[in-house]
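Enquirer: Pasting in a structure now, in structure tokens, and then I'll have a few things to ask.
FYI, it's all coordinate maths here, none of it is from the lab. If you're wondering where the values come from, they're calculated on a predicted model, not measured in any experiment. Using ideal geometry, Cβ is built from the backbone for each residue, glycine included, and neighbour counts are taken over all protein chains shown.
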Amino acid sequence: MNSALIAVLLGLAGPAGVSPPSGPPNIILIVADDMGWGDLPSYGHPVIKTPQLDRIAREGQRWTSFYSGAPYCTASRAGLLTGRLPVRSGMASEARTVLFPDSTGGLPATEITIPEMLKTRGYATAMMGKWHLGHLPRHQPENHGFDLYFGIPYSNDMDAPFPDGPEKNALIRNPKPDSFNVPVFSGGRIVERPARQQTLTRRYIERSIEFIRANARKPFFLYVAHHAPHVPLFAHADFAGGSPRGAYGDVLAEMDDGVGRLRAVLEELGLERNTLLIFTSDNGPWLAQRDIAGSSGHLRDGKGTTFEGGVRVPALFWWPGTIPPGVVDQMGAFFDLLPTFARLAGALPEGRVLDGGDLTPALTGTGPSPRREYFYYRGSTLQAVRSGPYKAHFVTRVEGHDQSPRTLDRPWLYDLDQDVEERYDIASEKPDVVARLKRLADEHRRGVVPVEDQIAPRAARN
Ligand code: MG
């Protein structure tokens, strides 16, 4: 077990650091779906326009080496909300990539989520958007700490009239409003089906604003998990056709506008200096979707892989007066958010292995990020390990989204400071580093206890 990243238990909540202005801060966590590392202008995109996020990036911190929870939606979100590698909760599988409408599993009740943790400190909690951690009643957000939930239970291309294949792909490229029979849940029941996807992003924001107004006098946690820019791409009529980047740019423009609206309500209510706002993405771009997918920019490959493009994501942190503006190139990851929020709210779950540490010293400029390593999983397989600038691949997919990963005869080694594109294998030049990373991987594997696979089970067909 790795001491720097693992086993952060109560009483080890990190060094003395910042004092929030007054009491625990509000937290707004906004997650895009399948948005790549290269898709924001603040990360170098030359065409897409996101003036609100540019401003957040300029006034806050922009992290360049921040990792999601996994290269796929379900596992990544499980890691986000629990602070634990998805393999520890069974939310990672070799049988299926993610949960589907016929899945019967979901996030186990034994997991402690961010909202469950924050509720013990008096937070109001709400989620808007794509859940993807189990759609059966026992798995829904209201049973995992959210007072309020409005959104879709899984991806917006599911419940399609065709199985995965050319017909579905054609529909994804030219979707009609009723092509995907995805339900919208609110108050624990289906209130709309198919989801009116053209207006759904706007409604997430409108309901978020209502929630903020209703809870302006106590701390709140708001999780906005956009289903976009996961394909199919539907933008509101106010944004459709506006971006030279096509529908993908339109959808990002709408999400950007939503960030601006949330910020405006914080400022109107005088809450901006006591609110931490984070914007990130659940995994890299779904490159098999070609031009309607995002871009991983400098990074190699995308969603579904353990190359950097699969898991390294944009991450903006904004909290005026507490987080000094800047660019941070230290490592951070989804798993660090629960320990960070725990530090800010004063409540860390006991008696469980966590896979992250408190980022507040790095966020406030008073100390380094606790993260020195990242373990890259695809499903329940540890495929690669990063330690400092070095990254070793043990199992990988060579090219193309749909080819199965294979175990490499000899690990590949990259120096991500020198070669963030992962182009130049230096394993033969640095056998000592390869050996060290292999030991790290072996040590890590020994600390992971096998649990029941939550993603594999599916309902019997009638
Ligand atoms: Mg995703």
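Enquirer: Compute the Cα gyration tensor for the chain, then decide on rounded, prolate or oblate, letting a ≥ b ≥ c be the square roots of its eigenvalues: rounded whenever a/c is under 1.5, prolate when a/b is larger than b/c in the other cases, and oblate in all that remain. List each step's numbers first, then the result.
Expert: Numbers: a/c = 1.29, a/b = 1.08, b/c = 1.20.
Judged from the Cα gyration tensor, the chain comes out rounded (a/c under 1.5).
Enquirer: For ASP178 and ASP425, calculate 0.36 nm times their separation in residues minus their Cα-Cα distance, and state this gained length in nm to one decimal. Don't jump to the answer; show the numbers that get you there.
Expert: On the way: separation 247, 0.36 × 247 = 88.92 nm, distance 4.72 nm.
The span from ASP178 to ASP425 would gain 84.2 nm if fully extended.
Enquirer: Moving to a separate point now. Gap in Å between the Cα centre of segment 252-269 and the Cα centre of segment 134-192?
Expert: 25
Enquirer: At 7 Å along Cα-to-Cβ for each site, give me the label-to-label distance between THR199 and ALA240 in nm.
Expert: 1.3
Enquirer: Something else about it: What size of dipole, in debye to the nearest 20, comes out for segment 376-446 about its Cα centre when the only charges are +1 on Lys and Arg C-beta atoms and -1 on Asp and Glu C-beta atoms? Could the numbers behind the result be given before it?
Expert: Numbers: 13 positive and 13 negative charges, 88 e Å.
Value, rounded to 20: 420 debye.
Enquirer: Tell me which aspartates and glutamates have Cα within less than 15 Å of LYS176's Cα, excluding those fewer than 8 residues away on the same chain?
Expert: ASP157, ASP159, GLU167
Enquirer: Along the positive direction of the dipole of segment 180-327 (beta-carbon charges: Lys, Arg +1; Asp, Glu -1; about the Cα centre), which of VAL251, HIS226, PRO320 reaches farthest?
Expert: It is HIS226, whose Cα lies furthest towards the positive end.
Enquirer: Right, another one. At 7 Å along Cα-to-Cβ for each site, give me the label-to-label distance between GLN418 and ASP54 in nm.
Expert: 3.6
Enquirer: How far apart, in nm, are two points set 7 Å out from the Cα along the Cα-to-Cβ line at GLU206 and at GLU192?
Expert: 0.8
Enquirer: Straight distance only, please: which aspartates and glutamates reach the Cα of LYS303 with their own Cα at less than 12 Å, same-chain residues fewer than 8 apart left out?
Expert: ASP33, ASP34, ASP282, ASP402
Enquirer: Let me ask something additional. With runs of 4+ DSSP H residues as the only contributors, calculate the mean residue ellipticity of the chain at 222 nm using -39,500 (n - 2.57) per run, divided by the residue total and rounded to the nearest 500.
Expert: Numbers: 11 runs with 112 residues, N = 462.
So the calculated ellipticity at 222 nm is -7000 deg cm²/dmol.
Enquirer: Restricting to DSSP loop positions (anything but H, G, I, E, B) with no more than 14 other Cβ atoms inside 10 Å of their own Cβ, which GluC sites (Glu not before Pro) remain in segment 340-413? It would help to have the intermediate numbers written out before the result.
Expert: Details: sites: GLU350, GLU373, GLU399; in loops: GLU350, GLU399.
Filter output for segment 340-413: GLU350, GLU399.
Enquirer: On a straight-distance basis, which lysines could pair with LYS218 in a cross-link, Cα separation under 21 angstrom, same-chain partners fewer than 8 positions away excluded?
Expert: Excluding near neighbours in sequence, the set is LYS119.
Enquirer: What residue among ALA427, ALA441, ALA392 has its Cα farthest toward the positive end of the dipole of segment 376-446, where the charges are +1 on Lys, Arg and -1 on Asp, Glu, each on the Cβ?
Expert: After comparing all options, I get ALA441.
Enquirer: State, as an integer percentage, the relative contact order of segment 23-368 based on alpha-carbon contacts under 8 Å between residues 6 or more apart. Spell out each step's value before the answer.
Expert: Numbers: 826 pairs, mean separation 110.8, N = 346.
That works out to 32 percent.
Enquirer: Something else now. Nearest 5 percent is fine: what portion of the DSSP beta bridges confined to the chain is antiparallel?
Expert: On the way: 31 of 58 bridges.
If we restrict to bridges inside the chain, about 55 percent are antiparallel.
Enquirer: Quote to one decimal, in nm, the extra length available between VAL451 and ARG138 on full extension: 0.36 nm per residue of separation minus the C-alpha distance between them. If you can, show how the numbers build up before the last one.
Expert: Numbers: separation 313, 0.36 × 313 = 112.68 nm, distance 1.88 nm.
Full extension of this stretch gives 110.8 nm more.
Enquirer: Based on the Cβ-Cβ distance from ALA435 to ALA95, what FRET efficiency comes out when R0 is 30 Å, to the nearest 0.05? Write out the running numbers ahead of the final one.
Expert: On the way: r = 33 Å, r/R0 = 1.08.
For R0 = 30 Å, the calculated efficiency reads 0.40.
Enquirer: Residue farthest toward the positive end of the dipole of the chain, with Cβ of Lys/Arg at +1 and Asp/Glu at -1: which of GLY134, ALA32, THR199?
Expert: Result: GLY134, furthest along the dipole toward the positive end.
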